1. Calculate the length of the line joining the C-alpha centroid of region 54-115 to that of region 167-184, in whole Å.
2. Taking amide H positions as placed in the peptide plane 1.01 Å from N, state which residues far from VAL130 in sequence (5 or more) or on other chains have amide H under 5 Å from it.
3. Gaussian network model of the chain, Cα springs within a sub-10 Å range: biggest mean-square fluctuation belongs to which of SER135, SER151, SER126?
4. Taking other Cβ within 10 Å of each residue's Cβ, how do LYS54, LYS7 sort, fewest first?
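We did not get these values from a lab; they are worked out from the coordinates using the rules stated. Just so it is clear, the model here is predicted, and its values are computed rather than measured. Methodologically, a virtual Cβ is constructed for each residue, glycine included, from the backbone with ideal geometry; neighbour enumeration extends over all protein chains shown.
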Amino acid sequence: MSDLSGKRVLAIVTNYGIEQDELVVPVDHLREAGADVTVAAVQDGDVQTLVGDKDPGRTVTPDTTLDAVDPAGYDLLLIPGGTINADNLRLQAPAIDIVKSFTTSARPVAAICHGPWAVVEAGAVSGAQVTSYPSLQTDVRNAGGSWVDQSVVSDSGAGYTLITSRTPDDLPDFLREIEGALQG
């Protein structure tokens, strides 16, 4: 495991429907490596994760809200999936503003499963190679990205580093690429 001391990661979520392992595993892993990880949710109050988009998972207490967080102080943006979370997150103007803050300043964004929906909504996949849960491939292509079926893709074709992954099964590869992006 890398030493990520001094690195700051922002994870953005809604308060319900996040795929448990796509939030909990990266947050725990990055914190264990020394990174300062902030979880920002749509509103105050617990975040209910799900397992397989249906069974209740762990409850996570967010550190702040999307409205209150200043994305400028972070080195990487993490967007976990979960169908319900990702579909609702892309409708939240503060979340899309956060994505745009990272992409326009060329800071890395890491999105897994349905998480790339927020990046599509922000207009930030054109020119990038992207992977995701397979149901997003038409959205990615319609937004100007190139969709591929791989465990992880790290690509800078859109002018910033975009790390994408398909499912919780790909978390080891996803975490390796996140660590690499944080180490610069």
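1. 16
2. Under 5 Å from the amide H of VAL130 lie the amide H atoms of SER146, TRP147, VAL148, each far enough along the sequence or on another chain.
3. SER135
4. Taking fewest neighbouring Cβ atoms as first place, the list is LYS54, LYS7.
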